[in-house]
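Read through the structure below, which is laid out as structure tokens, and then see the notes.
The values are calculated or read from the model by the stated rules, or taken from the named source; none is laboratory data. Predicted, not measured: the structure shown is a model, and the values here were computed from it. Please note: Cβ atoms are built from the backbone with ideal geometry, for glycine as well, and neighbour counts cover all protein chains shown. Just the protein is used for accessible areas: all its heavy atoms, side chains included, with ligands, DNA and RNA removed. Shrake-Rupley method; radii C 1.70, N 1.55, O 1.52, S 1.80 Å.
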Amino acid sequence: MIGAEVIQHNLLVLHTGGTIGMRPGPRGFAPSQGALLKTIAGTPQLHDPAVGVGERGGRPLFTTPPFAAGVRVRYEVLEYAPLLDSANLELSHWARLAEDLGRLHDHYDGFVVLHGTDTMVFTASALSFMLEGFAKPVVLTGAQIPLGRLRNDALGNLLGAIEIAALHPIPEVTLFFHHRLLRGNRARKHDASSLDAFDSPNLPPLATVGIHVQLNDALILPADPRPLRVRTELSPHVGSLRLYPGITGAVLENLLRPPLEGLVLETYGAGNGPERADLLALLREASTRGVLILNVTQCSRGHVRGDYQAGRALAEAGVIAGGDLTSEAAMAKLALVLGQRACSGWTRDVQVRLLQTPLRGEMSG
Ligand code: ASP
């Protein structure tokens, strides 16, 4: 209790790194342990100075000013060590994050993940598949300018993510950035300079934050009804290839060699590729060996269809149509589906069916 007010919401903020908490160093911006926590403590919109910074389980506990009468959000911050530029993220970091979220699922109303923007959509996609049966909101956010800078986008992004996770809980893995809440496995980083860094080309935002928070109810998924299970087994042997005119058989042959287990093939337009016998034979041979080759379009919008002979030829060579998956979501889904082979005994037929079935809203059905 703070005076007569009732604190209604408890969140956990998991800080993995990224520009939001970076400081300039001799070789450019880099993560700085503890810097974000200090800035949050001194930012009145993020922590009410009238309330002392608390502590729970060794983690700092912050309290926002009221969003509305009597409605504050309390949030602990779990800061990972070392903090990372998200360009340095590995599959082991996803596993740790997913395990922590699974372990702490029942202790909080929702979760905010602070993350660098560079690989945020890969992580959002991976978490959406790894966190089976997760019934709480997981909102990823970050910034193009650190919170410690006078003019920044970090404050709006962090406050918006906290507000959405606490007051408009959507039981999905989402990404909040520049006033919009996007489904995490549909988002893409489309701008390296603008503060409007992400879009979701094949699915409208789940919510927009203007004067009011406007939810797009028709798009929000019901809570995943499966029992909670965190799937951390991912194959690291996945790759991607953006087709280009004149690609040689030797290049493709090398890429398809073991240890490759899965390939995201970024094709032209509605899923087309060259009808060259040498390339098609290599694709057929690899897919017969068990390599999963998933066809996604190079275009930023639209999906793989079987309208053209040049697309059918790929399908006949064993290439799997990936609908309107983004290439980032396709990579994460392939890694997960391949990783389950040993532990869940999924056969190729099951894997192909799962790749072509929406698991958490990542593709249009
Ligand atoms: N390189 C940074 C990162 O991804 C960029 C950012 O956060 O905006 O960690």
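Run the quick spin-label model on F67 and E99: label points 7 Å from Cα toward the beta carbon, then report their separation in nm to one decimal.
Once both label points are built, they end up 3.2 nm from each other.
Of all the accessible heavy-atom surface of the chain, with the other protein chains kept in place and a 1.4 Å probe, what percent is carbon and sulfur?
Carbon and sulfur atoms account for 54 percent of the accessible area of the chain.
With +1 on the Cβ of every Lys and Arg and -1 on the Cβ of every Asp and Glu, and nothing else charged, how large is the dipole of the chain about its Cα centre, in debye rounded to the nearest 20?
That gives a dipole near 200 debye.
Which residues does the label zone of S364 cover in region 287-320, counting backbone N under 15 Å from a point 7 Å along Cα→Cβ?
Within reach of a label on S364: 297, 299-307.
On average over all directions, what projected area in square nanometres does region 124-199 have, based on the convex hull of its Cα atoms?
5.0 nm²
Residues of the chain: accessible area per residue at 1.4 Å, in Å²?
Per residue, the chain has 43 Å² of solvent-accessible surface.
For a Förster distance of 25 Å, can you work out the FRET efficiency between the beta-carbons of L354 and N10, rounded to the nearest 0.05?
0.10
Volume per residue, Å³, of the convex hull around the alpha-carbon atoms of region 157-256?
178 Å³
Using R₀ = 35 Å, calculate the FRET efficiency as 1/(1 + (r/R₀)^6) where r is the Cβ-Cβ separation of Q33 and A135; round to 0.05.
For R0 = 35 Å, the calculated efficiency reads 0.65.
Which stretch or stretches of region 78-97 have amide N atoms under 20 Å from the point lying 7 Å from R23's Cα along the Cα→Cβ direction?
Within reach of a label on R23: 78-86.
What is the distance, in nm, between label points placed 7 Å from the Cα along the Cα-to-Cβ direction at D48 and at R276?
About 6.6 nm, to one decimal.
Based only on Cα atoms, what mean projected area does the convex hull of region 208-365 have, in nm²?
Result: 11.3 nm².
In Å and from the alpha-carbon atoms only, list the Rg and Dmax of region 1-51.
Using the Cα atoms of region 1-51, the pair Rg, Dmax is 14.7, 50 Å.
Relative contact order (percent) for the chain, with alpha-carbon contacts under 8 angstrom and 6 or more residues of separation?
Computed over the chain, the figure is 14 percent.
For region 302-365, count all C-alpha to C-alpha pairs, find those more than 16 Å apart, and express that count as a whole percent of the total.
Distances greater than 16 Å cover 49 percent of the Cα pairs.
Measure of size requested: the Rg and Dmax of the chain, with Cα atoms as the atom set and Å as the unit; please supply both.
Considering the chain through its Cα atoms, Rg and Dmax are 21.6, 76 Å.
Restricted to Cα positions, what overall size does region 8-113 have along the principal axes? Three whole-Å values, descending.
44, 33, 23
Working from Cα positions, state the angle (0 to 90°, nearest 10) between the long axis of helix 277-288 and the longest principal axis of the chain.
60 degrees
Please give the length that would be gained between L219 and S194 if that part of the chain were fully extended, namely 0.36 nm times their separation in residues minus their C-alpha to C-alpha distance (nm, one decimal).
That pair, L219 and S194, stretches by 6.4 nm at full extension.
By how many nm would the segment from S92 to E285 grow when fully extended, if each residue of separation counts as 0.36 nm and the alpha-carbon distance is taken off?
Net length gain for the segment: 66.4 nm.
Quick one, what does Rg over Rh come out to for region 64-210 if you take C-alpha atoms and the Kirkwood Rh?
Across region 64-210, the Cα-based Rg/Rh ratio is 0.93.
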